[in-house]
1. Once you have all Cα-Cα distances for the chain, histogram them in 10 Å bins from zero and send the whole-percent values.
2. From the helices alone, meaning DSSP H stretches of at least four residues, give me the mean residue ellipticity at 222 nm for the chain, per-run term -39500 (n - 2.57), in deg cm²/dmol to the nearest 500.
3. Find the centroid of the Cα atoms in region 39-107 and in region 214-249, then give the distance between the two in whole Å.
4. Can you tell me what percent of all Cα-Cα pairs in region 158-258 are more than 18 Å apart?
5. Compute the Kirkwood hydrodynamic radius of region 242-296, taking the inverse of the mean of 1/r over all pairs of distinct Cα atoms, and give it in Å to one decimal.
6. Can you give me the long-range amide H partners of C200? Hydrogens built in the peptide plane at 1.01 Å from N, cutoff under 5 Å, separation of 5 or more residues or another chain.
7. Could you tell me the relative contact order of the chain? Use alpha-carbon pairs under 8 Å, at least six residues apart, and round to a whole percent.
8. Could you give me the ³J(HN,Hα) list for region 20-31, computed from phi with Karplus coefficients 6.51, -1.76, 1.60 and θ = phi - 60°, whole Hz, x at Gly and Pro?
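The values are calculated or read from the model by the stated rules, or taken from the named source; none is laboratory data. Since this is a predicted model, take the numbers as computed values, not measurements. Note: areas computed on protein heavy atoms with side chains; ligands, DNA, RNA excluded. Shrake-Rupley method; radii C 1.70, N 1.55, O 1.52, S 1.80 Å.
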Amino acid sequence: MNRFDQIAEAVLNGRTLSDAELRIVTEARDEDVPALSAAAFTVRRSFLGDTVTFCSIVNAKSGRCSENCAFCAQSGHHTTDAPVHDFLPLPKIVAAARRAREAGACRLGIVTSGLTPRGGDFERLVEAVAAVRAEGVLADVSPGLLDGGQIERLQAAGLAGYHHNLETSQDFFPNICTTHAWEDDALAVHQAVAAGLFVCSGGLFGLGESWEDRVDLALSLARLGVRSVPMNFLTPIPGTRLENRPILSRAESLKILALYRFLLPRAHLRVCGGRPAVFGADREAVLLSGADGLMIGDYLTTPGENPERDREAAAGLGLRLETPEDAA
């Protein structure tokens, strides 16, 4: 049994990993990554079986965001080529739900730019949730910060899940955003978990954060009780403050997936933004790592991968595609 298998065994036995064991993961050499990924897959299979989840998003309202997140193409503080539009007409959101269902996704995230939806935009969001659910797809929202009354309204319309990323550790967050606090995001996640929602909250890697920041974020998500963790990798966008950041290597990204599988063994880990930039067409490496889900189709402002190829890769590895009925 190699040292990575020993770490996997410790996780399967419910033991908290020591700092020394965490360093074995974070300091693994590139040539050790296949063995590390295999150990992470052992944990993933033990807790989550052979099911893989596909999800998708629709950019329902784009651009002119008040927040100054350093990576974001939609921030009003940056000058980029990202699309700018008001809340999409309902038929376009329904069409996105149908495309997602036909491509194999069981969830559709309705994403709106801005710190929080107000006035007519919130009412349109409620309508969109009901319409997506009527299409046989689980309706999630990514609307920024919500209050308790807004959560209740959305739940009554058929809301399945709430998405709100913490992005990075509490200590590193001020390097990325100064227009709101990390604590605001953590409170929003806490309130959604307390309301009984399926909560999807994760991070964006490659911002310049340390391995300690990555560990701290995972531990924060564990304390909050998050069930689904999107794993995003920075695609530097011209015009943003991080436009010159290098793209993370495939090996480092796989190490991050393994680390999160060991620290969050029961959570769904979904590889989302940045997959084409980091992994290219190598779906197998992702699906044979600690991840058990993929975002299919396009991302908010960058193109995604071919959903048909994603389905073929999952089937070729003997993985079963989750359905909305499984996920409900």
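1. Here the calculated profile for the chain is 6, 27, 37, 24, 5, 0.
2. Values: 13 runs with 139 residues, N = 328.
Theoretical 222 nm ellipticity from helices: -12500 deg cm²/dmol.
3. 15 Å
4. Working: 2450 of 5050 pairs.
The share of Cα pairs beyond 18 Å in region 158-258 comes to 49 percent.
5. On the way: mean 1/r = 0.0856 Å⁻¹.
About 11.7 Å, per the Kirkwood formula over Cα pairs.
6. Close amide H contacts, sequence-distant or interchain: Y162, H163, H164.
7. Details: 651 pairs, mean separation 74.0, N = 328.
Averaging sequence separation for qualifying contacts and normalising by length gives 23 percent for the chain.
8. Once θ is set to phi - 60°, the couplings for region 20-31 become 5, 5, 5, 5, 4, 6, 6, 9, 4, 6, 4, 5 Hz.
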